[in-house]
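Data block below; observations after.
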Amino acid sequence: MLGVIDPELGDNVVDLGMFLGADIGAGGLVRVRLALTTAACPLRSQLQADVEGRVGSLPGVRAVEVVTSEMSRQQKRDLMARARWKARDMAPAIDIPGRTRVLAISSGKGGVGKSSVTVNLAAGLARRGYTVGLLDADIAGFSVPRMLGMDGRLQAVPSATGGGRPRLCPQVKAVGAGEIRVLSMGFLSGEDEAVMWRGLMLNRAVQHFIEDADWGDLDYLLVDMPPGTGDVQMGLARMLPRAEMLIVTTPALGAQKVASRAADMARKGYLRVAGVIENMSGFTDPQGAHHALFGSGGGARLAEDIGAPLLAQIPIRPEVSAGGDSGNPAALGSGDTAADFAALVDAVVAVAPLVEMRDCTARLLDVVEGALGPKSAGV
Ligand SMILES: Nc1ncnc2c1ncn2[C@@H]1O[C@H](COP(=O)(O)OP(=O)(O)OP(=O)(O)O)[C@@H](O)[C@H]1O
Ligand SMILES: [Mg+2]
């Protein structure tokens, strides 16, 4: 039975306390008793089939019957404690402080302004005195160094303990009372070096940026995600299970369908969607007339669909693209665009932090905690 793993909790059913016992009857009939967290456990048939397969293949067993029941409150509490402990145990060693808010800026499709929003949010946070890490996870299509006017080279120093892999040093840009610490493939320079790094890193660059970097003490770590949904999202969910998603969408109603796919991915990786940011929300011409160039309502609709707050609506403004091209983020200027980004910073700072669950099955635990009621707090 030790080989039967609960696919959601990632541990075997014996250690999780789900295996209650087995009786061996006449004629090789084995009855296995399993306790599930909820009677309607979506994985019930998978667990049953797994038990049947494994027990059924033992010599002398002719038939297997799996009898399921629902766990008692105390059993559920014990299971949660075990699952949390195990998840903590399994999490990769990273030295990003536990208090750092990790926000991954994602979208369903490309070109909606993820990178522009990310650098302006980073600049706006730093302007207020925060220390902000910015991980450019768009390995092939990096744009962060240009948008922040940074052109340093990626530095690596030998690990302090010696023997280990070299540590990557983020490039630092001082902004007001704070600073932005950036890691990006854009800091690879020199052909030889690039070739060496590419071979070493390309597939696992994001992992290196998380696991082998000296980020130091950060208030925020923003991750500029590549377009679409894929490996990087899943990898991030595994390496930084406390990451939260900010989903950028345009106001087009159609765009919100694609964006909600990104939200689905976040949920599958059990990342919370902290909020939606609508970008390119119309254009106001010099005469003051408003043009909804990309439609309207997409951000509010997506926010409602996924049950996350709409944190900001950033209009189309020439300062945003000009700032990106010149390396001077519009958030650091004055005027309406800087005010829009300041409002976004306010909204992001105000989002209540995630209660940390580390790697464990947030969805399942939600169900279990819901079933246990308010008394389960602190379990
Ligand atoms: N609010 C805005 N007003 C004007 N231009 C904008 C705005 N937001 C983004 N842009 C411009 O739109 C283009 C795409 O933006 P950006 O590169 O930030 O998108 P992205 O979602 O990161 O793209 P990719 O998917 O390729 O990474 C850029 O040229 C940028 O300057
Ligand atoms: Mg981008």
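Taken together, the values in this text are just the output of simple stated rules run on the coordinates, not laboratory data. Everything quoted here is computed from the prediction, not taken from an experiment. Every residue, glycine among them, receives a Cβ derived from its backbone with ideal geometry; neighbour counts consider all protein chains shown.
Distances between placed amide hydrogens fall under 5 Å for Leu154 paired with Leu188, Ser189, all partners being 5 or more residues away or on another chain. Averaging the sequence gap over all C-alpha pairs within less than 8 Å and six or more residues apart, then dividing by the number of residues, gives the stretch 20-147 a relative contact order of 18 percent. Could you give me the ³J(HN,Hα) list for the stretch 314-324, computed from phi with Karplus coefficients 6.51, -1.76, 1.60 and θ = phi - 60°, whole Hz, x at Gly and Pro? In residue order, the calculated couplings are 9, x, 6, 9, x, 4, 5, 6, 5, x, x Hz.
Close amide H partners of Ala104, meaning residues 5 or more places away or on another chain with modelled amide H under 5 Å apart, are Val223, Glu244, Met245, Leu246.
For the listed peptides 239-245, 307-313, 118-124, a ranking on the average number of other beta carbons within 10 Å per residue, highest first, reads 118-124, 239-245, 307-313.
Taking amide H positions as modeled 1.01 Å from N, with prolines and chain starts lacking one, the residues under 5 Å from Leu36 and 5 or more places away or on another chain are Ser69, Glu70, Met71.
Fully extending the segment from Ala63 to Ala342 would add 93.8 nm, taking 0.36 nm per residue of separation and subtracting the current Cα-Cα distance. In order along the stretch 100-110, the phi-based Karplus estimate (6.51 cos²θ - 1.76 cosθ + 1.60, θ = phi - 60°) of 3J(HN,Hα) comes to 5, 7, 9, 10, 9, 9, 10, 7, x, 10, x Hz; Gly and Pro are listed as x.
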